[in-house]
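Asker: Pasting a structure here, questions to come.
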Amino acid sequence: MKVALFDFDGTIYKEETFPLLMKHLKQHPTFKHRYQKFFRLALLPFIAYKIKLYPEEKMKYVMMQKYLHAFKGVTIYELDLFFKSLVENMKEDLNATVIQRMQEHALDGCHIMIVSGAFTPILQFIAEDLPVDTFIGTDIPEKNGLYDEKIKITHVQGEWKNKLVLESVQGVSVNWAASFAYGDSASDIPLLTLVGNPIAVNPDERLQHEATNKGWEILS
């Protein structure tokens, strides 16, 4: 089996998800009163990142966890509706070139996987019309149909992407040398090195340097 691995933010989706998440919460007719709670919880971690007390990966994890904390007591069904309405604002900003590559890989028999730190429901809703076989994202903890704020999330980034990808194909023979991976940032380097055909999509400076040095394809 061959696989084709796709990051989401900056790769399938041209922008970053989190600023849109913040805006959507702030303007949402049902949940906008919860925005101030999130803002208060997120302010100190964000300042810590800005003054270099937090590394970027830790900041992203904390911000995702604090974001969910604003939904204490909300049902998973309500959260799904919230994310579904968010996705409607994202579809026009998908990267058409990357989507075309995904469709070509699917026709070629690749197992298509989205591997991202974005919340899993976002990935599932965005890919309803795409040939995606497996979703690896940041799952939302739940208990008895409610979001459970007591359970810490596993934010999928960096080396975690590789770990979860390998777990998902355990027991399956994968031709990694003939497989593909798409990512846009330095944090995707571990994922890109997992396959024989890494593709840097509008890469940040560090990934641009890595891709150039190693002769990887750069998709702009």
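Asker: Go through the residues of the range 180-191 one by one and say whether even a single one is over 16 Å from the mean Cα position of the chain (by Cα) and surrounded by fewer than 18 Cβ atoms within 10 Å (Cβ to Cβ).
Answerer: Narrowing the range 180-191 to residues over 16 Å from the mean Cα position of the chain (by Cα): 180.
Then keep just the ones that are surrounded by fewer than 18 Cβ atoms within 10 Å (Cβ to Cβ); that gives none.
Among the residues of the range 180-191, not one is over 16 Å from the mean Cα position of the chain (by Cα) and surrounded by fewer than 18 Cβ atoms within 10 Å (Cβ to Cβ), which makes the answer no.
Asker: Note down all Cβ pairs under 6 Å where the first residue falls in the range 97-112 and is without any contact (Cβ under 8 Å) to a residue 40 or more places away in the chain, the second is assigned to a helix (DSSP H, G or I) and aliphatic (A, V, I, L, M), and they're at least six residues apart or on different chains.
Answerer: none
Asker: From the residues in the range 185-203 that are assigned to a loop (DSSP other than H, G, I, E, B), in contact with a helix residue (DSSP H, G or I) (Cβ under 7 Å, 6 or more places away or on another chain) and in contact (Cβ under 8 Å) with a residue 60 or more places away in the chain, which one is farthest from Gly109 (Cα to Cα)?
Answerer: Pass one, the range 185-203, residues assigned to a loop (DSSP other than H, G, I, E, B): 185, 193-196, 202-203.
When the remaining residues are screened for being in contact with a helix residue (DSSP H, G or I) (Cβ under 7 Å, 6 or more places away or on another chain), the result is 185, 194-196, 203.
Imposing the further condition that a residue be in contact (Cβ under 8 Å) with a residue 60 or more places away in the chain reduces the set to 185, 194-195.
Working: Ser185: 27, Leu194: 19, Val195: 16 Å.
Among them, the one singled out is Ser185.
Asker: Then there is this: Quick check: anything in the range 175-184 without any contact (Cβ under 8 Å) to a residue 60 or more places away in the chain, small (Gly, Ala, Ser) and assigned to a loop (DSSP other than H, G, I, E, B)?
Answerer: No, the range 175-184 contains no residue that is without any contact (Cβ under 8 Å) to a residue 60 or more places away in the chain, small (Gly, Ala, Ser) and assigned to a loop (DSSP other than H, G, I, E, B).
Asker: Exactly one of (1) crowded, with 22+ Cβ neighbours inside 10 Å; (2) under 19 Å from Val3 (Cβ atoms); (3) within 15 Å of the chain's Cα centre (by Cα) is unmet by Val195. Its number?
Answerer: For Val195, the exception is condition (3).
Asker: Another question about this same structure. Residue check: is Ile136 touching a residue at least 40 places away in the same chain (Cβ under 8 Å), aliphatic (A, V, I, L, M), outside the structural domain of Ala70 (by TED's automatic domain parsing) and in contact with a strand residue (DSSP E or B) (Cβ under 6 Å, 6 or more places away or on another chain)? Spell out the reasoning first.
Answerer: Values: touching a residue at least 40 places away in the same chain (Cβ under 8 Å): no; aliphatic (A, V, I, L, M): yes; outside the structural domain of Ala70 (by TED's automatic domain parsing): yes; in contact with a strand residue (DSSP E or B) (Cβ under 6 Å, 6 or more places away or on another chain): yes.
No; evaluated as a whole, the condition is false for this residue.
Asker: Checking the conditions here, which among His33, His28, His24 is buried (at least 17 other Cβ atoms within 10 Å of the Cβ) and not aromatic (Phe, Trp, Tyr)?
Answerer: Residue meeting the stated conditions: His24.
Asker: Of the conditions (1) surrounded by fewer than 21 Cβ atoms within 10 Å (Cβ to Cβ); (2) assigned to a strand (DSSP E or B), Gln170 clears all except one; give me its number.
Answerer: Of the numbered conditions (1) surrounded by fewer than 21 Cβ atoms within 10 Å (Cβ to Cβ); (2) assigned to a strand (DSSP E or B), the odd one out for Gln170 is (2).
Asker: Report every pair of residues separated by at least 6 positions or lying on different chains whose Cβ atoms are under 8 Å apart, first residue within the range 20-45 and over 20 Å from Val62 (Cα atoms), second of a type in the set (A, V, I, L, M) and assigned to a helix (DSSP H, G or I).
Answerer: Phe31/Leu25; Lys32/Leu25
Asker: Among the residues of the range 6-19, is there at least one that is of a type in the set (Lys, Arg) and either crowded, with 19+ Cβ neighbours inside 10 Å or part of a helix (DSSP H, G or I) (or both)?
Answerer: Going residue by residue through the range 6-19, those that are of a type in the set (Lys, Arg) are 14.
With either crowded, with 19+ Cβ neighbours inside 10 Å or part of a helix (DSSP H, G or I) (or both) added as a condition, the list becomes none.
Scanning the range 6-19 turns up no residue that is of a type in the set (Lys, Arg) and either crowded, with 19+ Cβ neighbours inside 10 Å or part of a helix (DSSP H, G or I) (or both).
Asker: Does the range 143-166 hold any residues that are touching a strand residue (DSSP E or B) at 6+ places or on another chain (Cβ under 9 Å) and acidic (Asp, Glu), and which are they?
Answerer: Asp148
The values are calculated or read from the model by the stated rules, or taken from the named source; none is laboratory data. Here the structure is a predicted model, which is why all the values come from computation and not from measurement. Note that each Cβ is placed from the backbone with ideal geometry, even for glycine, and that neighbours are counted across all protein chains shown.
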